[in-house]
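Report on the following structure.
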Number of protein chains: 2
Amino acid sequence: MALKTLAPVKAADLDKELMSSGGFSLDQLMELAGGDGLVAARHLHHFGYKPTIYYPVPSKPELFVGLQKQLKSLSITFTEDFHSSMGSTDFIIDAIFGFSFKPPVREPFPSVVEALAETSKPVLSVDSPSCWDVEGGPPKEGELGAKFMPPYLISLTAPKPSIKFYKGTHFVGGRFLSEDMAQKYDLTVPDYHGVDQIVEAPVDASGGEKL
Amino acid sequence: MALKTLAPVKAADLDKELMSSGGFSLDQLMELAGGDGLVAARHLHHFGYKPTIYYPVPSKPELFVGLQKQLKSLSITFTEDFHSSMGSTDFIIDAIFGFSFKPPVREPFPSVVEALAETSKPVLSVDSPSCWDVEGGPPKEGELGAKFMPPYLISLTAPKPSIKFYKGTHFVGGRFLSEDMAQKYDLTVPDYHGVDQIVEAPVDASGGEKL
């Protein structure tokens, strides 16, 4: 399966188009792509897990305020201490920065990125490992987070350009794109199985733009 | 598993509360409960099926206009002729009337209800078989749709009172209700398995309010 990558500017265009001519609302896209860490936490709770959320800089738009309400009504724990929570968890979902992140990493996140880079616990990053430049890839040697290579990565809708630097287990999610829209944005709709919402998509060792 | 039923007035209250103190938007509820026939059609398309939609009286609110746009961008067929489309389909999803339906059945639906009652093809009804009174159950003998007993029924969030008249295979969906909200509305959160979004919930032969 050859998947093409989606650069941040193109991805923002695609989102805009999905919300105008595509007829999707932001709320719907958030539910379907499942990318936001808050939506993931809610699903994990219903699947029987006990997620703890580190969300030191809450977003102000109504959608995010609503998601926080949902999580609090499920009695899901919010922590301000990433480091001690990390000590007692089995699995970490890194949904800190979106795919439009540009360095440098700002406070309070440098020590968080460092902890993610050092931990031996499994980490799943969403779209692009936090602290990576979405186009340029991981930080240079000696820089903050240079060693951060999470064992798992999930790309929502399509891999982002930094995927060519990624070595690990890669999944794609976001099973709602029409063939028309995929063609227009030169993307490949992966072969999902049955009613699965994600599919494993091995990274091409050649490191090209295509997977 | 003992599931309790949810009367229409209570169900409307629950929706209102989910959207106020619960922090959910209508768009999110629609995606999560999956009840609306339009959302179901979109998922079916992505799962590889070829749904045809009969939607003779389109709803005006933006959410429904958006859903129709999404379906049209997937080139999903809308039909005005329920009867000939029914002839060429393998499976029918009955999401015509919502759970707040009160008789009588209005045009253009009487002949549709008749066809649903007569067909030998499998029918899945959402929340309550269309033409049933959600509290009172199926029409009386001799009335339109009196024989309508679909082989499959899916209750979203909780069974509606008419479930006590239902004989067939019953599922529950809507895996997003908090324990607090379930307690407040005296509902049971069913035992979903793994990451399943629905679960089969056998109907109690005693025909009581509880399943």
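Please find the FRET efficiency linking B:D81 to B:V199, where r is the Cβ-Cβ separation and R0 is fixed at 30 Å, and quote it to the nearest 0.05. Mind showing how you got there, number by number?
Working: r = 35 Å, r/R0 = 1.18.
With a Förster radius of 30 Å, E is 0.25.
Dipole check for the protein assembly as shown: with +1 at the C-beta of Lys and Arg, -1 at the C-beta of Asp and Glu, and the Cα centre as origin, the magnitude is about 80 Debye. Taking every alpha-carbon pair in segment A:8-200 and binning the separations at 10 Å intervals from zero gives 8, 35, 38, 18, 1 percent.
Applying the criteria of a DSSP loop state and at most 16 other Cβ atoms within 10 Å to the GluC sites (Glu not before Pro) of segment A:95-165 yields A:E135, A:E141, A:E143. For the protein assembly as shown, the fraction of 1.4 Å probe accessible surface lying on carbon and sulfur atoms is 54 percent.
Is there a quick way to get the dipole size of chain A? I mean about its Cα centre, with the Cβ of Lys and Arg at +1 and of Asp and Glu at -1; what is the value in debye to the nearest 20?
Numbers: 19 positive and 27 negative charges, 37 e Å.
Magnitude of the dipole: close to 180 debye.
Along chain A, the longest continuous region that contains none of the trypsin sites (Lys or Arg not before Pro) in a DSSP loop with at most 15 other C-beta atoms within 10 Å is A:5-105. In the context of the full set of protein chains, residues of the protein assembly as shown present 49 Å² of accessible surface per residue (probe radius 1.4 Å, heavy atoms only).
Using DSSP, restrict attention to beta bridges with both residues in segment A:8-200 and report what percent are antiparallel, rounded to the nearest 5.
Values: 4 of 18 bridges.
Of the beta bridges lying entirely in segment A:8-200, close to 20 percent run antiparallel.
With its label point put 7 Å out from Cα toward Cβ, A:H83 sits 7.5 nm from the same residue's point in the other copies, in order from shortest.
Once the Cβ-Cβ distance between A:K184 and A:M19 is put in as r, and R0 is 22 Å, what FRET efficiency do you end up with, to the nearest 0.05? Mind showing how you got there, number by number?
Numbers: r = 15 Å, r/R0 = 0.67.
After rounding to 0.05, the efficiency reads 0.90.
What are the distances, in nm and sorted shortest first, from the label point of A:S111 to the label points of the same position in each other copy, with each label point placed 7 Å from Cα along the Cα-to-Cβ direction? So the distances to the same position in the other copies read 7.3 nm.
Apply the a/c threshold of 1.5 to the C-alpha gyration tensor of segment B:88-171 and tell me whether it is rounded, prolate or oblate. Write down the numbers at each step before the final one.
Values: a/c = 1.45, a/b = 1.06, b/c = 1.37.
Verdict is rounded for segment B:88-171.
When the other protein chains are added to the chain by itself, burial of at least 30 square angstrom of heavy-atom accessible area (probe 1.4 Å, ligands and nucleic acids ignored) affects these residues of segment A:44-84: A:H46, A:F47, A:K69, A:Q70, A:S73. Legend: residues B:V189, A:V113, sorted from most to least accessible area (1.4 Å probe; ligands, DNA and RNA excluded), read B:V189, A:V113. To the nearest Å, what is the center-to-center distance of segment A:80-113 and segment B:1-55, using C-alpha atoms only? Cα centres, segment A:80-113 to segment B:1-55: 34 Å.
Restricting to the protein assembly as shown, what percent of DSSP beta bridges are antiparallel, rounded to 5? Walk me through the numbers on the way to the answer.
Numbers: 8 of 36 bridges.
Antiparallel: roughly 20 percent of the beta bridges in the protein assembly as shown.
Pairing chain B with chain A buries about 2400 Å² of accessible area. This figure sums both sides and uses a 1.4 Å probe. Label-point spacing for B:H193 across the identical copies (point 7 Å from Cα in the Cβ direction), in nm and ascending order: 1.7.
Count charges around A:K121 for me, please; just the other residues with Cβ under 13 Å from its Cβ, Lys/Arg as +1, Asp/Glu as -1. Overall, the nearby charge balance is -3.
The values are calculated or read from the model by the stated rules, or taken from the named source; none is laboratory data. Note that this is a predicted model, so its numbers are computed, not measured. A quick note on method: Cβ atoms are made from the backbone with ideal geometry, for glycine too, and the neighbour counts reach across all protein chains shown. The protein model used for the area step is the full one, side chains on, heavy atoms only, and it has no ligands, DNA or RNA in it. Shrake-Rupley method; radii C 1.70, N 1.55, O 1.52, S 1.80 Å.
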